[in-house]
Amino acid sequence: MLTLVLNSGSSSVKFALLDPRSSEVRLSGLIERLGSDAASATLKTGGEKKQVTLKDGTYASAFGLIAGELDALNVRQEVQAVGHRVVHGGEKFSGSVLLTPEVMAALRECIPLAPLHNPPNIAGIEAAQLAFPNLPQVGVFDTAFHQTMPPVAYRYAVPESWYTQHGVRRYGFHGTSHQYVAQEAARMLGKPLEDLNLVTAHLGNGCSATAVRGGHSVDSSMGFTPLEGLVMGTRSGDVDPGLHDFMARQAGLTLTQIMTALNKESGLLGVSGLTNDMRELEAASARGHERAALALDLFIYRLAKTVAALSVPLGRLDALVFTGGIGENSELVRARTLGHLGLLGFKLDEHANQRAVRGQGGLITIPGSTPALVVNTNEELMIARETMRLVALNP
Ligand code: AMP
């Protein structure tokens, strides 16, 4: 029983073929530079890696290549379904769905909410339906997990018609990861998820934190778009909306230039002037690079403030979960974040924190502390599990 998981972006497709029960990955890869005539794929099977050039830069040839690999591995018959990562499901999707023609139509209606992400997701689904016509296809949304947020968490204090006519509200993202690590954290803590109040912090190039009560998202730091909330690699996170108008008048920037700056030239990169890569920033800061140190300080301070804020809807904080490239690897970010959060009862276990790197998860606080733990996220596995759950529900 294998599931093919696809994440179709505008110029790339990330994929994995895995067994949702054992979590064994049989084949994985990244197809890059789609849309150009230099498209190529990196494929991994077992311990081996190979590079292949595509005959053209279309999704059809990308999925043709994957289909060919399934045949070469002699596993085509074992593949039961295809699971797609879809960025934005708006208010229409509060869970994963079988991708029927009606669902595809509803997905197209969500395009204005995610004009950069949903069109390639949809194009990828359509191409996969042609490449694998006999397999059920399931959509798993980044936003769905957060549809349990109450109005007080998802509404903005803006004119109501913005919400009712245009869907301006907070949606939240990274839902698949937050849901997965919440489940894993419950397993690691040996407690039922229903009884736990968690804050999960997904810290990668994009960063978001979520309040998870009894397994359900009740608030999250990302909002209408993935720009709101924490400081990220190149995204600003929260800013005063008044600065758009000010920078347009003062610096003569267009709205497009302002949005590009906030999305691509801000965050760790903007403050440090150096890089959006946390590893490089830590090294530069240790060498005395002042702007790198400030970028780190800002990232950590804002994260700690957000964790404290997200404890409000929980009433009681049972554990803080770190995940994503930074959360899973940066002992410095974790230690300093907990350092700001003494008021929530966190006491770091330095040795455990140092050990929790490179795929080694676990508790990083001492007995008597509010628990903080490192959980390695696995969005592909979560999508594969969701896909098989949906297939079982729709035999
Ligand atoms: P992701 O988007 O989840 O792949 O995470 C990417 C981020 O994780 C980048 O900022 C990396 O610098 C960061 N990262 C990966 N490994 C480490 C590490 N050992 N220490 C600090 N940051 C790391």
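The values are calculated or read from the model by the stated rules, or taken from the named source; none is laboratory data. Please read these numbers as outputs of a predicted model, since none were measured by experiment. Note that each Cβ is placed from the backbone with ideal geometry, even for glycine, and that neighbours are counted across all protein chains shown.
General observations
- Annotation for the stretch 68-83: at least one member residue is crowded, with 17+ Cβ neighbours inside 10 Å, in a helix (DSSP H, G or I) and aliphatic (A, V, I, L, M).
- Residues being in contact (Cβ under 8 Å) with a residue 12 or more places away in the chain and not in a helix (DSSP H, G or I) - total across the stretch 317-372: 30
- Pair list, Cβ < 6 Å and 6+ apart or interchain, from the stretch 255-283 residues that are within 16 Å of Gly237 (Cβ to Cβ) and charged (D, E, K, R) to residues that are within 16 Å of the ligand (Cβ to nearest atom) and at pLDDT 95 or above: Lys264/Thr234
- Top-ranked residue of the stretch 363-382 - restricted to ones that are away from the ligand (no atom under 16 Å from the Cβ) and of a type outside the set (S, T, N, Q), ranked as nearest to the chain's Cα centre (by Cα): Leu373
- Looking only at residues in the stretch 180-194 that are part of a helix (DSSP H, G or I), free of Cβ contacts under 8 Å to residues at least 60 places away in the same chain and surrounded by fewer than 20 Cβ atoms within 10 Å (Cβ to Cβ), the one that is farthest from the ligand (Cβ to nearest atom) is Glu194.
- When each of Leu332, Leu343, Leu296 is tested for being out of contact with any strand residue (DSSP E or B) (no Cβ under 8 Å at 6 or more places or on another chain) and surrounded by 24 or more Cβ atoms within 10 Å (Cβ to Cβ), the lone residue that passes is Leu296.
- When the test is whether a residue is assigned to a helix (DSSP H, G or I) and either more than 19 Å from Thr323 (Cβ to Cβ) or at pLDDT 95 or above (or both), His202 does not pass it.
- Count of the stretch 317-357 residues, restricted to those that are within 16 Å of the ligand (Cβ to nearest atom) and among the small types (Gly, Ala, Ser), is 6.
- Residues (over 19 Å from the mean Cα position of the chain (by Cα) and charged (D, E, K, R)) located in the stretch 1-49: Asp19, Arg21, Glu24, Arg26, Glu32, Arg33, Asp37, Lys44, Glu48, Lys49
- Residue check for Ser311: more than 16 Å from the ligand (Cβ to nearest atom) and in contact (Cβ under 8 Å) with a residue 12 or more places away in the chain: yes
- His340 more than 18 Å from Met188 (Cα to Cα) and touching a Lys or Arg at 6+ places or on another chain (Cβ under 9 Å): yes
- Applying the set (1) in a helix (DSSP H, G or I); (2) under 24 Å from the mean Cα position of the chain (by Cα) to Pro313 leaves exactly one unmet item: (1).
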